[in-house]
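The values are calculated or read from the model by the stated rules, or taken from the named source; none is laboratory data. Remember, predicted model here, so these are calculated numbers, not experimental data. Here the Cβ positions follow ideal geometry from the backbone for every residue, glycine too, while neighbour counts run over all protein chains shown. Side chains are part of the model used for accessible areas, which takes the heavy atoms of the whole protein and leaves out ligands, DNA and RNA. Shrake-Rupley method; radii C 1.70, N 1.55, O 1.52, S 1.80 Å.
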Amino acid sequence: MRVRVPASSANLGPGFDALALALSCYVEVSVEPADRLEVRSTGCGAELPADATHLVASVATQVQGHDRLCIEVHSDIPVARGLGSSAALAVAAAAAAGAPDPFAYGVSTDGHPENAAASAFGGLVVATFVEGRPVYRRLTLDPALRFVLVIPDHALATAAARAALASNVPHADAAFNLGRMGLLLAGLADRRALIPEAADDRLHQDARAMLFPEAPFILKGLREAGALMSCWSGAGPSLLAVCTDHSGPVVAHAAEALLDAQGLAGEVRQIAADLTGVHFFGSSAH
């Protein structure tokens, strides 16, 4: 079985550990019977060991209950860039191996239900744990929205990004984020209601700026270029600009200039939301 699964951008500013958006940047995984385990990987992450330690092999063998599998992976999702690559890989591997609930494998492997839900079901989602059980809901997303990804050419481990966060949150900061999250959801549902301040956050983005000092300059420049809002993508270092068809190309051009101005290598992608999640191609080798 071969499947395609989208990347995800989590947090979206104030929606820390709760919101995620599926993006049309994909990993494809095929799983077929074989005499022994064989893992073939191309694209992003191809440098990782192609053996039983590979995430797709770990998940697929867990689903199947044995390792007599030929697994092929092709990914366009950069690794350790805040684009949910681990969750997408886990969901894809589970789906290709025949799991009835790939979402559950994505959650158990990655630990973040919002990333796993976006990859499994597509669109804009909210997800959390309720009495230890992952629960998600699809949210309304304006179909006219488009996105620009700014992907610096350096990794940022999620563990390091987590370590930068404060252990306690002042009441005022929690209330600030709740208010901004309400504005964000209203604006993502109807782009006419979206204001740049809806992406403001006091829980994680400023704290993580020490790991990516150029981020505030780039985020500000994206908004000045015409983005409706801009924010970190997940734990970073990728940045996300929310745009329209009209403003997207302008913002993308500005993003390239902003990277150059900071002396940073990287890439800029104009991208749409993915509304499908797991897509099955049927039984075939990749």
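Among the residues making up segment 244-269, a single one is under 14 Å from residue 230 (Cβ atoms) and open to solvent by 70 Å² or more (accessible area, probe 1.4 Å): 250.
Considering only segment 4-38, state which residues are over 23 Å from residue 82 (Cβ atoms) and surrounded by 20 or more Cβ atoms within 10 Å (Cβ to Cβ). Those that are over 23 Å from residue 82 (Cβ atoms) and surrounded by 20 or more Cβ atoms within 10 Å (Cβ to Cβ): 30, 31. Looking at 175, 193, 186, 199, just one residue is of a type in the set (Gly, Ala, Ser) and within 16 Å of residue 11 (Cβ to Cβ), and that residue is 199. Looking at this structure, is residue 92 surrounded by fewer than 23 Cβ atoms within 10 Å (Cβ to Cβ) and among the aliphatic types (A, V, I, L, M)? No. If you filter segment 166-199 down to residues that are open to solvent by 40 Å² or more (accessible area, probe 1.4 Å) and not in a helix (DSSP H, G or I), you find that the one that is nearest to residue 143 (Cα to Cα) is 190. Evaluating residue 16 against the criteria (1) within 24 Å of residue 128 (Cα to Cα); (2) touching a strand residue (DSSP E or B) at 6+ places or on another chain (Cβ under 8 Å) leaves one unmet condition, (2). Does residue 274 count as in contact with a Cys (Cβ under 9 Å, 6 or more places away or on another chain), open to solvent by less than 20 Å² (accessible area, probe 1.4 Å), farther than 16 Å from residue 82 by Cβ and not hydrophobic (A, V, I, L, M, F, W, C)? It is true that residue 274 is in contact with a Cys (Cβ under 9 Å, 6 or more places away or on another chain), open to solvent by less than 20 Å² (accessible area, probe 1.4 Å), farther than 16 Å from residue 82 by Cβ and not hydrophobic (A, V, I, L, M, F, W, C).
The residues on offer are 42, 53, 109, 61, and the sole one that is without any contact (Cβ under 8 Å) to a residue 60 or more places away in the chain, surrounded by fewer than 24 Cβ atoms within 10 Å (Cβ to Cβ) and touching a helix residue (DSSP H, G or I) at 6+ places or on another chain (Cβ under 7 Å) is 109.
Residues in segment 80-93 that are among the hydrophobic types (A, V, I, L, M, F, W, C) and at pLDDT 95 or above were compared, and the one that is nearest to residue 241 (Cα to Cα) is 83. Of all the residues in segment 129-143, those that are part of a strand (DSSP E or B) and open to solvent by 70 Å² or more (accessible area, probe 1.4 Å) number 4.
Evaluated against (1) closer than 13 Å to residue 231 by Cα; (2) in contact with a strand residue (DSSP E or B) (Cβ under 9 Å, 6 or more places away or on another chain), residue 146 falls short on exactly one condition, (1). A Cβ distance below 9 Å, combined with a sequence gap of six or more or placement on separate chains, defines the contacts here; from segment 192-217, residues that are under 21 Å from residue 237 (Cβ atoms) and basic (Lys, Arg) reach residues that are open to solvent by less than 60 Å² (accessible area, probe 1.4 Å) and not in a helix (DSSP H, G or I) in the pairs 202/14; 208/156; 208/164; 208/165; 208/232; 208/235; 208/236; 208/237. Scanning segment 216-239 for residues that are at negative phi, among the small types (Gly, Ala, Ser) and crowded, with 24+ Cβ neighbours inside 10 Å yields 227, 230, 233, 235, 238. Within segment 58-70, can one find any residue that is among the β-branched types (Val, Ile, Thr) and more than 20 Å from residue 117 (Cα to Cα)? Within segment 58-70 (the criterion being among the β-branched types (Val, Ile, Thr) and more than 20 Å from residue 117 (Cα to Cα)), the answer is yes, since at least one residue qualifies.
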